[in-house]
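Worksheet: one structure, shown below.
The values are calculated or read from the model by the stated rules, or taken from the named source; none is laboratory data. What you see is a predicted model; the values in this text were computed from it and never measured. Cβ placement follows ideal geometry from the backbone for every residue including glycine, while neighbour counts extend to all protein chains displayed. Each accessible area value is taken on the protein alone, full model and side chains, heavy atoms only, with ligands, DNA and RNA left out. Shrake-Rupley method; radii C 1.70, N 1.55, O 1.52, S 1.80 Å.
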Amino acid sequence: ITDSSADKTGTIKRDDAGVEGETSYYVIDNRGTMTIESANVVNNSGYKKTNSSGTMVGSSLIINIGEADKYAVLNIKGGTFTQNNFIAIKNDSCSELNVSGGVINSKHSAVQNWCNANITGGELNGQLWTDAWKETSTGKTVVSGDAKLNGEIVMDITGSIVPTLEISGGSHNVTWKVTTAAAIAGAKPHVSGGTFKTAVPEDYCADGFIPTQNADGTYGVKTGVYVA
């Protein structure tokens with residue numbers, strides 16, 4: 001998918017009214033191999049609360065989902081993706097998501113990864129959520145290169161597979177959340193690089209790394225170990 005217009009106004013969207021409880025569907029449902037070079041992808045769909053705990057259901061802007069014998073592959077190299085009322089990009093089971101450019105916006109999850117996600121560039125505004133529930137849903141998320149994360153990083157576990165999150169590069173303004181269930185299962189971020197607006201928790205450093213403050217006031221990690 002490439003936007004050939006001179007002012008880059010090419011848009012893929014649904015014309016929902018954006019009211020709570022409105023029926024919606026994905027704007028893009030990828031089950032093969034798709035590369036998005038440039039486009040404005042937007043969904044104004046509302047969401048509905050289904051129970052007293054306020055659980056939200058609705059349709060993601062984009063779903064990437066495959067089968068055990070044929071993985072779906074979604075490559076995002078540019079463009080703008082906006083779904084403020086729900087998940088912008090859901091990388092479901094048997095799928096691979098590669099983000100090297102573009103801007104992904106959501107007031108909820110910018111990316112919800114259930115399988116394999118490689119984020120080497122681009123900008124995510126909203127949650128980066130990694131989760132797993134079975135063998136075809138590994139919950140492996142890798143952040144590197146010049147990626148930018150702005151929002152909450154969440155790790156959760158729905159089944160028996162423990163999700164993983166590795167951060168080795170990029171520039172990030174994030175908060176952290178590891179659910180109780182994920183923590184009990186041993187899930188936690190592993191940070192070996194990148195710069196952060198706030199200090200990296202000691203427990204989230206990869207093996208052989210410790211938190212540090214950089215000369216410019218940002219934070220990161222450096223090689224080292226703690227000695228009693």
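Note on the chain: with neighbouring protein chains present and a 1.4 Å probe, carbon and sulfur make up 49 percent of its accessible heavy-atom surface.
Return the percentage of antiparallel bridges among DSSP beta bridges fully within the chain, rounded to the nearest 5 %. The antiparallel proportion sits near 15 percent.
With every protein chain left in place, what is the accessible area per residue of the range 148-200 in square angstrom, probe 1.4 Å? Value returned for the range 148-200: 44 Å² of accessible area per residue. For the range 132-149, putting each phi into the Karplus relation 6.51 cos²θ - 1.76 cosθ + 1.60 with θ = phi - 60° gives couplings of 7, 9, 7, 4, 8, 9, 7, x, 9, 10, 10, 10, 7, x, 10, 4, 10, 10 Hz, in residue order, rounded to whole numbers and with x for Gly and Pro.
Mean silhouette area of the chain, derived from the convex hull of its C-alpha atoms and averaged over all directions, reads 14.4 nm². Packing-based ranking of 140-146, 169-175, 2-8 yields 140-146, 169-175, 2-8, ordered from highest to lowest mean Cβ neighbour count within 10 Å.
Placing R0 at 22 angstrom, the Cβ-Cβ distance between Thr175 and Val225 gives a FRET efficiency of 0.25 after rounding to 0.05. Local charge for Phe209 was computed over the other residues whose Cβ lies under 11 Å away, with Lys and Arg +1 and Asp and Glu -1, and equals -1. Annotation for Glu37 and Asn214: the two label points, set 7 Å from Cα along the Cα-Cβ direction, are 3.2 nm apart.
The shape of the range 143-228 comes out oblate: with a ≥ b ≥ c from the C-alpha gyration tensor, a/c is at least 1.5 while a/b does not beat b/c.
Per residue, the range 68-119 exposes 31 Å² of accessible surface when a 1.4 Å probe is rolled over the protein heavy atoms with every protein chain present.
Distance from the C-alpha centroid of the range 113-133 to that of the range 161-224: 15 Å, rounded to the whole angstrom.
Among the listed pairs Lys107/Lys222; Lys13/Lys77; Lys197/Lys222; Lys13/Lys197, a Cα-Cα separation exceeding 27 Å is found for Lys107/Lys222; Lys13/Lys197.
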